[in-house]
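Each remark here refers to the structure printed beneath this line.
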Amino acid sequence: KFGDNVMLMNKQTNGFMVFDMGDKINGVDEAYACTTTPKEIGPCGRSICSIQKVNLEEGDDVIKYGEQVRFVTNPHFFHKPLYLHSMQCTPQIFARFSRNQEVCMSTKGVYNTVWRIVPQDGNGSPLIGTPVQANSQLIIEHCATKEFLSSDRINYVN
């Protein structure tokens with residue numbers, strides 16, 4: 001359901017998504033690093049995010065495949081919400097190590113913080129519109145650029 005706290009795990013690399021408040025990202029107003037770790041760190045402030053509804057007027061509080069969402073940090077982690085953010089590569093903006101699209105945690109809930117939950121078998125799946133189950137393998141698609149989060153499948157862990 002919306003408001004649930006989740007850990008995101010990349011099933012291709014077996015890495016858990018974590019936030020690094022000590023690593024400020026340049027090129028975005030106020031943003032901090034987001035990376036993955038292969039260590040099983042368990043649920044903690046830097047590995048947990050909440051799922052937030054984007055279109056408040058639509059549907060109920062159950063997250064469904066095809067729905068737009070935002071991933072926001074735990075309110076006790078930082079003095080204001082941080083949203084999972086990505087932006088298209090430019091000559092000045094790109095991920096430092098991979099040189100791909102920059103993924104970080106930003107303080108502004110703009111369109112670059114909107115993601116779409118897609119079934120593992122893609123947008124043509126008959127699962128579109130059905131509820132997402134905990135521990136399901138799925139794809140998280142960035143709405144602004146249609147890129148997948150790290151081009152990999154993510155595990156929804158309740």
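The values are calculated or read from the model by the stated rules, or taken from the named source; none is laboratory data. None of the values given here were measured: they were computed from a predicted structure. With ideal geometry, Cβ positions are generated from the backbone for all residues, glycine too; neighbour counts draw on all protein chains shown. Surface accessibility is based on the protein's heavy atoms, side chains included, excluding ligands, DNA and RNA. Shrake-Rupley method; radii C 1.70, N 1.55, O 1.52, S 1.80 Å.
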Quiz item: For the stretch 26-82, what is the Kirkwood estimate of the hydrodynamic radius, computed as the reciprocal of the mean inverse distance between distinct Cα atoms, to one decimal in Å?
Solution: 13.7
Quiz prompt | With all protein chains modelled, accessible area of L56 [1.4 Å, Å²] | solution = 130
Self-check item: Qualifying lysines (Cα of each under 17 Å from Cα of K11; at least 8 residues distant if same chain)
Solution: K39
Exercise. Would you tally the net charge around M87, using a Cβ to Cβ cut-off of less than 12 Å, leaving M87 out, and scoring K and R as +1, D and E as -1?
Key: -2
Quiz prompt | Solvent-accessible area per residue for the stretch 26-81 (1.4 angstrom probe, square angstrom) | solution = 58
Exercise. Determine, from the Cβ-Cβ distance of C143 and N14 and an R0 of 22 Å, the FRET efficiency 1/(1 + (r/R0)^6), rounded to the nearest 0.05.
Key: 0.25
